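For reference, the structure discussed in these notes is given below.
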Amino acid sequence: MALGAVAVTGVWLALPTLPAARGQAAWERCSFNGRAEDCVLAGGSTSFTITYRRDGKRIEMEKVGEPYSCGPADREECGRMLITEPATGRTTLATYRQTAGELFVRSARGNSYRLPRP
C-alpha cells in the first residue's frame with residue numbers, strides 16, 4: 001500500500017493514499033460473498049481491477065466471449081468473465097449480470113461479487 005505524508009502542526013503523519021479509479025480517487029461500496037466492503041475499481045468496462053480496502057487484496061476481472069441481453073425486457077447484459085488473483089496466479093471462470101448501476105458476478109468457485117458498474 002502506498003503511503004502519503006501530511007504535515008500537521010509540525011508532525012508528519014503517514015496516511016494511505018487512495019488508488020486512482022476511473023479518473024477519481026474514491027472508495028466505493030462493494031460486496032464480497034454478501035459482506036459489504038470498501039473497494040476501488042480501476043480500468044475500463046470490459047477489463048478492470050478491484051482493490052479492497054480492508055486487506056489490500058487485488059483481483060482482476062475481464063469479460064470474455066459475447067455478451068447477451070437478459071433481465072426484465074432484455075435491458076441487462078449477461079455473459080462470462082475471467083477472474084484472476086495476481087497474488088496467486090489463480091484464474092476462475094465466472095458469469096455476470098450487469099444492470100444500469102451494478103455488476104453482479106458469481107464465480108465457478110461459488111464466490112459472489114457485487115460492484116458498482118465499471
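Treating only the Cβ atoms of Lys and Arg (+1) and Asp and Glu (-1) as charged, compute the dipole magnitude of the stretch 41-114 about its Cα centre; round to the nearest 20 debye. Walk me through the numbers before you get to the answer.
Working: 12 positive and 9 negative charges, 73 e Å.
Dipole magnitude for the stretch 41-114 comes out near 340 debye.
Applying 1/(1 + (r/R0)^6) with R0 = 22 Å to the Cβ-Cβ distance of residue 42 and residue 100, what FRET efficiency is obtained, to the nearest 0.05?
Values: r = 21 Å, r/R0 = 0.96.
Step by step, r from the Cβ atoms, then E = 0.55.
Every number here is computed from the coordinates shown, using simple stated rules; none is lab data. These numbers were taken from a predicted model, which means no experiment stands behind them. Glycine gets a Cβ as well: all are built from the backbone with ideal geometry, and neighbour counts include every protein chain shown.
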